[in-house]
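One structure below.
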Amino acid sequence: MDNLNTTSSMPSVCPVCHQSVLPQYYFCPNCGAKLNIAPLSTTLKTQVWIYFLSIILPIFCFLFIGKWPGNKYLKSNDPKAKEIGWFAWALLIISTIVTYWLIYIWTKNAVQSAQNSLNADFGI
């Protein structure tokens, strides 16, 4: 569906129900059709939420990358939203590296502990 012309201050017509709508409307008040793309929120609360997801859930973010908001922000035309997206991606990559490093260290220590325990049991 094409976006309505947002540069004009004259009322436009909804492409679905043909009712008059104002150019600043994101949805038609009559039929609910999407008219314009709403800008992404760049509030501090939104940023904290995206960054939190990027740090705490790195593996899940990669599994559900289509649902992760950092991707949507990176693809935005708004410079502030794009900056949030880049920062979220950086946090996601760093937290993924740290997560895998911690898993590697934990696994290495667990294997070493099990090996030491077996060696002690068999008197080696």
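The values are calculated or read from the model by the stated rules, or taken from the named source; none is laboratory data. The structure displayed is predicted, hence computed values, not measured ones. Quick reminder, even Gly has a Cβ in these numbers, built from the backbone with ideal geometry, and neighbours come from all protein chains shown.
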- [ ] Kindly indicate the residue of segment 30-43 that is loosely packed, with under 12 Cβ neighbours inside 10 Å and more than 15 Å from the chain's Cα centre (by Cα) and also farthest from residue 93 (Cα to Cα) among those meeting that condition.
- [x] 32
Task: Residue among 103, 97, 50, 56 that is surrounded by 12 or more Cβ atoms within 10 Å (Cβ to Cβ), over 29 Å from residue 26 (Cβ atoms) and either at pLDDT below 85 or out of contact with any helix residue (DSSP H, G or I) (no Cβ under 6 Å at 6 or more places or on another chain) (or both) - done: 56
